[in-house]
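Reading through the structure tokens given below for one structure.
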Amino acid sequence: MANYDYDVLYIGSGHGTFDGAIPLAARGKKVGVIESGLIGGTCPNRGCNAKITLDAPVALTRLTEKMQGIVNGDLAINWTANEKHKQEVIEGLPDMIGGLMKSVNIDIIKGHGTFQDAHTVVVDGDAKTAENIVISTGQHPHRLDIPGTELAHDSADFMNLTHLPANITIIGAGYISMEFATIANAAGAKVTVITHGDKILRKFYQPYVDQIVADLKSRGVDFISNAKVTSFEEDGSNFIVNYDGGQVKTNWILDATGRVPNVDDVGLDKVGVDYSEKGIKVNDHLKTNIDNIYASGDVIDKDQPKLTPTAIFESTYLMHTFAGDTTDPIDYPEIPSVVFTSPRIAKVGVSVEDAKKNGLNTKENHLPNDWYRQVTKEEIGDNTLVYDKQNHLVGATEISDQAEDAINALLPAIVFKFEPAQLERLVTLFPTIAADAWGQI
């Protein structure tokens, strides 16, 4: 057997790596992690953690708005203080995650890694070898290929703004576009959203999405749909977004047109790893076409949602594979998704559209009629529960101020297909959002 530097060598240090690498090293495997940027990757440093911190004051202002007359006085978001608070929350995360790695003797190798052969990665001229290698390089923001594209910014730039521009134009119809439109609007910016088609958040139940869009419009957000953006240009200290049909003058442009797998400059072609524009191709063991090279996280070409929880699940699965606990293929559970607008929209399992197409039973609830949601005077809120022929809960979609917690509460019933007797055994705290959600099953 060859004498390698590591049992497992990871390229990238995000959730697709560290959630599995740390317990793997704790079990005695020799593990190395290559990282050219901040330890922890996108989610802790320029994604989930930063976003939810910037959003917290938005949720608070929305609650205060609904409770006016009981709570008196208007709240305003201090953007500069909010961004500073965000930085306070996230700035220690790379050291914390790195510390956890070092505590189990993982070697953190700083620099850019490129394959030399199937067992060797060169990091800034220094060769590192491993029996197995995991590509966990994540994704980066897509940029429109149009004149003036360098004048636009990405999601990380938005979350690092120390002063909020008065006018912001966002290109895109996905998570980032809608979440940042919500945050910027609540903080006082005039927001315009330009979309290429006429569907926003197309993977979510459109009647619920329409409610979110209508609420944002009522708050002053402008939407321009079916518009092909053709160029960006400078206009003194401001900018112009040109599209087929008109133009928008703005102070700041956010290109939120998607994310792209990080498959370039890793040496995949040199070792013959198969990939596409959607990411690295893997089998049902997360193995590439090269026997000892695997992939994990958002860099994979997959049907599952490219989300942090998915990456954590994959990283944990690989840990069990490398530790010798299993030779089984990966068995993905139902993976929930949420958009952190206000209100939220969240889902898990069988979609409403698929339920209706396949003749499954559905149950709809208008949440403002529910006494618990009346406590905080929720005005926008609906959910749809989906049941199979045996009356197991197999899907749920919700729009509400607490949709993410409601869907999380229902998740065990969906994943494990609880029978009525098992549901009866679950005694929830009351009154809580979990008790409210369970009461609707």
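Tabulated results
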read-out	value
Boolean, Glu378 is within 30 Å of Met67 (Cα to Cα) and outside any strand (DSSP E or B)	yes
Neighbours by Cβ (under 8 Å, 6+ apart or cross-chain): first from region 61-81, in contact (Cβ under 8 Å) with a residue 60 or more places away in the chain; second assigned to a helix (DSSP H, G or I)	Thr61/Ala186; Arg62/Ala186; Ala76/Thr61; Ile77/Pro57; Ile77/Val58; Ile77/Thr61; Ile77/Ala186
Selection from region 399-422 of residues that are free of Cβ contacts under 8 Å to residues at least 40 places away in the same chain and either surrounded by fewer than 16 Cβ atoms within 10 Å (Cβ to Cβ) or among the polar types (S, T, N, Q) (or both)	Pro412, Phe416, Lys417, Glu419, Pro420, Ala421, Gln422
Sole exception among (1) without any contact (Cβ under 8 Å) to a residue 60 or more places away in the chain; (2) within 27 Å of Asn185 (Cβ to Cβ); (3) assigned to a loop (DSSP other than H, G, I, E, B) for Pro368, by number	(3)
Residue ranges of strands (runs of 3 or more DSSP E) in region 179-244 with at least 1 members in the same structural domain as Thr61 (by TED's automatic domain parsing)	none
Pick from region 371-394, criterion touching a residue at least 60 places away in the same chain (Cβ under 8 Å) and acidic (Asp, Glu), ranking: nearest to Pro336 (Cα to Cα)	Asp382
Matching residues, region 285-337, being buried (at least 22 other Cβ atoms within 10 Å of the Cβ) and part of a strand (DSSP E or B)	Ile293, Tyr294, Ala295, Ile300
Residue in region 237-271 that is nearest to Val191 (Cα to Cα), counting only those that are surrounded by 17 or more Cβ atoms within 10 Å (Cβ to Cβ) and among the charged types (D, E, K, R)	Asp255
Odd one out for Val134, checked against (1) hydrophobic (A, V, I, L, M, F, W, C); (2) within 19 Å of Val241 (Cα to Cα); (3) out of contact with any Asp or Glu (no Cβ under 6 Å at 6 or more places or on another chain)	(2)
So Ala25, is it crowded, with 24+ Cβ neighbours inside 10 Å and among the hydrophobic types (A, V, I, L, M, F, W, C)	yes
Of all residues in region 350-364 being in contact with a Ser or Thr (Cβ under 8 Å, 6 or more places away or on another chain) and not in a loop (DSSP other than H, G, I, E, B), the one that is modelled with the lowest pLDDT	Lys356
Scope region 205-240; condition under 14 Å from Pro343 (Cα atoms), of a type in the set (A, V, I, L, M, F, W, C) and in contact with a Ser or Thr (Cβ under 8 Å, 6 or more places away or on another chain); matching residues	Ile212, Leu216
Residue in region 104-136 that is surrounded by the fewest Cβ atoms within 10 Å (Cβ to Cβ), counting only those that are at negative phi, touching a residue at least 24 places away in the same chain (Cβ under 8 Å) and small (Gly, Ala, Ser)	Ala118
Count - residues of region 245-263 that are free of Cβ contacts under 8 Å to residues at least 60 places away in the same chain and part of a strand (DSSP E or B)	2
Looking only at region 115-130, and only at residues there that are assigned to a strand (DSSP E or B) and small (Gly, Ala, Ser), the one that is farthest from Asn292 (Cα to Cα)	Ala127
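The values are calculated or read from the model by the stated rules, or taken from the named source; none is laboratory data. The structure displayed is predicted, hence computed values, not measured ones. Note: ideal-geometry Cβ built from the backbone for every residue, glycine included; neighbour counts use all protein chains shown.
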